[in-house]
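All remarks here apply to the structure that follows.
Nothing in this text is a laboratory measurement; each read-out follows from the coordinates by a stated rule. The model shown is predicted, which means the values in this text are computed figures rather than measured ones.
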Amino acid sequence: MSFLENLIPIFAIVFTFGIPGLIIFWAIYTKHRERMRLIEKGVTPEEAKKYFNVTPIRYRNNFSALKFGIILLFLGLGIFLANILSEIYNFGDGVLFGLVILFIGAGFLVYYVIVSRATKNLAEAGKVSEKN
């Protein structure tokens, strides 16, 4: 074994444990530095907690299960049709991959149409805002 081949396990161990260690150290260090700057500015702990506990308003998507159901359905249809076409017409892999991607795109379009109609109907009924 040459000298360079002996370095491979050493580099593997260093990169496997060193990089996550550096990331953790950097996160702790920046948090400490931020706290020290707040102390220097004279911010009380209560003010700091109130400042950092502000959470953005997130709207709930009531149609997420529908989205995943439609996408998985169209993905399955695309794979099924690609397998049938590869057996009958002996298409290449690129055509079959493109067909699967085409079906996934069609699934997203179907989802968009269904959700836009549903939100429009719910908005007309006054039950939901247009942001869903």
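Quick rundown of the values:
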item: Rh by Kirkwood over Cα pairs, then Stokes-Einstein D for the range 3-52 at 1.306 mPa s and 10 °C, µm²/s; result: 116
item: Helix-only CD estimate at 222 nm, as mean residue ellipticity for the chain, using -39500 (n - 2.57) per DSSP H run (n ≥ 4); result: -28500 deg cm²/dmol
item: Kirkwood Rh, Cα atoms: Rg over Rh of the range 64-125; result: 1.18
item: Size descriptor, Kirkwood hydrodynamic radius, that averages inverse alpha-carbon separations across the chain, Å; result: 21.4
